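First up is the structure itself, then whatever we jot down about it.
The values are calculated or read from the model by the stated rules, or taken from the named source; none is laboratory data. In this text, all values refer to a predicted model and were calculated from it rather than measured experimentally. Don't worry about glycine lacking a Cβ; one is built from the backbone with ideal geometry, like all the others, and counts go over all protein chains shown. Calculation scope for accessible area: heavy atoms of the full protein, side chains included, ligands and nucleic acids excluded. Shrake-Rupley method; radii C 1.70, N 1.55, O 1.52, S 1.80 Å.
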Amino acid sequence: MTEPVWLTEEQHRAWRSFKAMETMLNSRLGASLQRDFGLSPADYRILVELSEAPDGRMRAFELGEATQWEKSRISHQLSRMAQRGLVERQQCSEDSRYSDVVLTEAGRAAIVGAAPQHVANVRELFIDALTPEQLKIFGEACEAVLTRIKSQG
């Protein structure tokens, strides 16, 4: 067994700062969605994906791929949203063995209502905290990490 290569003080500070920022940002944005619109962050994520899809419809497995959620999580989330009338399942027109998840009028109204405030919160808490150069570097850093993760399967 090889000895771990411990993080330097600077690496540790960067990692811990990132994790703290991620936790606090997600918490604040999620609390606003819940308080102001009755949507969980998971609801919002699904509504965004469907609202950007052609005809507001996707297969459940496509939503799973887009969100990187496991099949059981996506299934439970969609069931909760269907009970609230935000989405519904309809038979797939291309293959009757499958069903599509479809954004309902209530779901579209929910995303249309929540998106402007959510974007304003993202801008206030994240975008406006950084200079344009910092934002560019941060975006490039995130893309580099994503590329590394994807290359490792």
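Among the residues of this structure, Ser51 counts as one that is under 17 Å from the mean Cα position of the chain (by Cα), open to solvent by less than 90 Å² (accessible area, probe 1.4 Å) and small (Gly, Ala, Ser).
Under the condition of being of a type outside the set (Lys, Arg) and within 18 Å of the chain's Cα centre (by Cα), which residue from the stretch 119-137 is least open to solvent (accessible area, probe 1.4 Å)? Top of the filtered list is Asn121. Residues in the stretch 58-65 include none that are under 25 Å from Cys142 (Cα atoms), at pLDDT below 95, open to solvent by 40 Å² or more (accessible area, probe 1.4 Å) and part of a loop (DSSP other than H, G, I, E, B). Of all residues in the stretch 15-34, none that is without any contact (Cβ under 8 Å) to a residue 24 or more places away in the chain has its Cβ atom under 6 Å from the Cβ atom of a residue that is basic (Lys, Arg) and surrounded by 11 or more Cβ atoms within 10 Å (Cβ to Cβ), 6 or more apart or on another chain. Scanning the stretch 39-52 for residues that are touching a residue at least 40 places away in the same chain (Cβ under 8 Å) and over 19 Å from Glu124 (Cα atoms) yields a total of 7.
Just one of the numbered conditions (1) at pLDDT 95 or above; (2) assigned to a loop (DSSP other than H, G, I, E, B); (3) over 25 Å from Phe126 (Cβ atoms) is not true of Glu3: (1). Among the residues of the stretch 89-104, is any over 22 Å from Ile127 (Cβ atoms), in contact (Cβ under 8 Å) with a residue 24 or more places away in the chain and in a loop (DSSP other than H, G, I, E, B)? Checked the stretch 89-104: at least one residue is over 22 Å from Ile127 (Cβ atoms), in contact (Cβ under 8 Å) with a residue 24 or more places away in the chain and in a loop (DSSP other than H, G, I, E, B).
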